[in-house]
Every structure is written in structure tokens, then in C-alpha cells.
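What follows is a short report on a single structure.
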Amino acid sequence: MLEGLAFIGRRRPRTLIHGHAPLTDLLTAAAVPGITAALTQLHGEVLDGIRGGQTLADILAAASLPSVLREHPAAVVPYLVTRDHFTARLYHQRTGYWQPDGSGMEPSTAVEHAAALDLLAGGRQERFADAAATLIEQGDHALGLEIIRPGLVRYPASSALAELRRTALHRLMERYQQSDPFKFLIYAEQAGAELGPVG
């Protein structure tokens, strides 16, 4: 990506047209110098984090906002739209199958993971629902889904968990509808949402 941005920068185009409409609106030719500089800095920060043994979640939580963006206001929004995907892809390219925290070394199935969480819940499905509802109320919709999914594996007939799942997915769709078309589409598909053609 950095090589592509550098190539575009050398060409100094007046207009950029992307394969996805939101990117055409957000990542304009005027934003290229700033986003190139910001992503170059982020690249270094991610590599430093990997060398320091940080997990992907730790690096994403740092929410890097390079100071160079002050000089390039047109690059701020495209940088924010790109940051997490850029970070995740670079992290996965450089870390391999086993993560610094041990993730991936001893994979468990969804059923095994759900059974382990059910031990914490004391074998009570309402504990899954209570925890998920609290997370959703706090705005932690993705984390709420992390509780709901194994809850539904253990208790597939739970209407409370099914309703909480719908709520979490709809909130995530709302969150990403203007900024991340990829996440929006995946959450919409999981929610079974009917999306009409764009007029």
C-alpha cells in the first residue's frame, strides 16, 4: 500500500477513482501526501509493537494518530478509515500463526470455548445474556457479540441471546455504515439484513 501511495504521489493526479465509492469520496488526491506520511509512521509503530511483544488488540487500542496529520487535514478521515485494516494486515503478515500472548498455539473449537465460558457462567444462560446486555449498554457491541456467540452455541434456543445478537449487529452496522463498508457488509450479512440497491 505504501508503495502504491508513493507511486500515486509521484504521478500527482488531480483525481483518484477507487473501486469502492466511499474511498473515492474520502481518499482524494489531495490526501495522498498526508496519508502516505501518516501510514509510514504507523508502519514503524506497528513493527515496534510487534518487536515489543504487543498483541494486535493492544496496538489497535493505542489508536495511533500521527502528528503529521496536523499539516494534512485532508488526510485525517482517510487515515482513520484505513488505520485498523492497515494495522491488522501488517500485524498478521509479520507475526504468523502463533501470537505473542500464545493465541493460536492451542486452538479450541467453538463448542469447547463455549463450554469453558459456561463453567464461568455456572451453567446459567441468563449470565451470558446479562453480561452481553451490560456490554451493549456500555457501547461495547463487538465485545458483547464475543459473549453472545458462545452463549448461543451452548443455548441455541435462547430468545434473549438471539435478540441481543440482533441488537449488537445492528449497532455495529450503524457504527460502520459511513466509514467501513467491509465491516458494514459483514455485520449486515450476519444480521440477515436486507440491503436494497443504492439509488
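The values are calculated or read from the model by the stated rules, or taken from the named source; none is laboratory data. What you see is a predicted model, and the numbers here were worked out from it, not measured in a lab. All Cβ positions, even for glycine, are placed from backbone atoms using ideal geometry, and neighbour counts span all protein chains on display.
Residue 73: more than 16 Å from residue 180 (Cβ to Cβ), surrounded by 14 or more Cβ atoms within 10 Å (Cβ to Cβ) and not aliphatic (A, V, I, L, M), yes or no? Working first, answer last.
Working: more than 16 Å from residue 180 (Cβ to Cβ): yes; surrounded by 14 or more Cβ atoms within 10 Å (Cβ to Cβ): no; not aliphatic (A, V, I, L, M): yes.
In short, no.
The conditions are (1) within 18 Å of the chain's Cα centre (by Cα); (2) crowded, with 18+ Cβ neighbours inside 10 Å, and residue 140 fails exactly one of them. Which is it?
Condition not satisfied by residue 140: (2).
How many of the residues making up the range 59-82 are touching a Pro at 6+ places or on another chain (Cβ under 8 Å) and at positive phi?
The number of residues fulfilling the criteria is 0.
Where residues in the range 91-107 are within 17 Å of residue 60 (Cβ to Cβ) and modelled with pLDDT of 90 or more, which of them is surrounded by the fewest Cβ atoms within 10 Å (Cβ to Cβ)? Show your work before the answer.
Just the residues of the range 91-107 that are within 17 Å of residue 60 (Cβ to Cβ), to begin with: 91-95, 99-101, 103.
Still in the running and modelled with pLDDT of 90 or more: 91-95.
Values: 91: 20, 92: 12, 93: 9, 94: 11, 95: 15.
Per the stated criteria, the residue is 93.
Of the conditions (1) under 22 Å from the mean Cα position of the chain (by Cα); (2) at pLDDT below 95; (3) closer than 26 Å to residue 185 by Cα, residue 53 clears all except one; give me its number.
Exception for residue 53: condition (3).
Restricting to the range 1-11, name every residue that is touching a residue at least 40 places away in the same chain (Cβ under 8 Å) and assigned to a helix (DSSP H, G or I). It would help to see each step written out before you state the result.
From the range 1-11, those touching a residue at least 40 places away in the same chain (Cβ under 8 Å) are 1-2; that's our starting set.
Answer for the range 1-11, where residues must be touching a residue at least 40 places away in the same chain (Cβ under 8 Å) and assigned to a helix (DSSP H, G or I): just 2.
Looking only at the range 56-99, filter to residues that are within 23 Å of residue 3 (Cβ to Cβ) and aromatic (Phe, Trp, Tyr); which one of those is nearest to the chain's Cα centre (by Cα)?
Ranking the qualifying residues of the range 56-99, first place goes to 86.
So, in the range 144-166, how many residues would count as being surrounded by fewer than 17 Cβ atoms within 10 Å (Cβ to Cβ) and farther than 19 Å from residue 113 by Cα?
3
Go through (1) farther than 30 Å from residue 30 by Cβ; (2) outside the structural domain of residue 157 (by TED's automatic domain parsing) one by one and return the number of the condition residue 123 breaks.
(2)
Hey, can you tell me all the residues within the range 31-62 that are touching a residue at least 12 places away in the same chain (Cβ under 8 Å) and in a loop (DSSP other than H, G, I, E, B)?
Step one: of the range 31-62, the residues touching a residue at least 12 places away in the same chain (Cβ under 8 Å) are 31-43, 45-47, 49-50, 53-56, 59-60, 62.
53, 54, 55, 62, listed by residue number.
Given the criteria buried (at least 18 other Cβ atoms within 10 Å of the Cβ) and of a type in the set (Gly, Ala, Ser), does residue 31 qualify? First the steps, then the outcome.
Numbers: buried (at least 18 other Cβ atoms within 10 Å of the Cβ): yes; of a type in the set (Gly, Ala, Ser): yes.
Yes.
Somewhere in the range 112-125, is a residue surrounded by 13 or more Cβ atoms within 10 Å (Cβ to Cβ), in contact (Cβ under 8 Å) with a residue 12 or more places away in the chain, in contact with a helix residue (DSSP H, G or I) (Cβ under 6 Å, 6 or more places away or on another chain) and among the charged types (D, E, K, R)?
Yes, there is a match, as at least one residue in the range 112-125 is surrounded by 13 or more Cβ atoms within 10 Å (Cβ to Cβ), in contact (Cβ under 8 Å) with a residue 12 or more places away in the chain, in contact with a helix residue (DSSP H, G or I) (Cβ under 6 Å, 6 or more places away or on another chain) and among the charged types (D, E, K, R).
When you check residue 14 against the structure, is it part of a helix (DSSP H, G or I), basic (Lys, Arg) and farther than 22 Å from residue 181 by Cβ, yes or no? I'd like the intermediate steps shown before the answer.
Working: part of a helix (DSSP H, G or I): no; basic (Lys, Arg): yes; farther than 22 Å from residue 181 by Cβ: yes.
Against the criterion (part of a helix (DSSP H, G or I), basic (Lys, Arg) and farther than 22 Å from residue 181 by Cβ), residue 14 does not qualify.
Which one of these does residue 158 not meet: (1) among the hydroxyl-bearing types (Ser, Thr, Tyr); (2) under 28 Å from residue 78 (Cα atoms); (3) at pLDDT 95 or above?
Here residue 158 clears every test but (2).
Please count how many residues of the range 177-187 are outside any loop (DSSP other than H, G, I, E, B) and either surrounded by 17 or more Cβ atoms within 10 Å (Cβ to Cβ) or hydrophobic (A, V, I, L, M, F, W, C) (or both).
Going through the range 177-187, the residues outside any loop (DSSP other than H, G, I, E, B) turn out to be 181-187.
When the remaining residues are screened for being either surrounded by 17 or more Cβ atoms within 10 Å (Cβ to Cβ) or hydrophobic (A, V, I, L, M, F, W, C) (or both), the result is 182-187.
Selection size over the range 177-187: 6.
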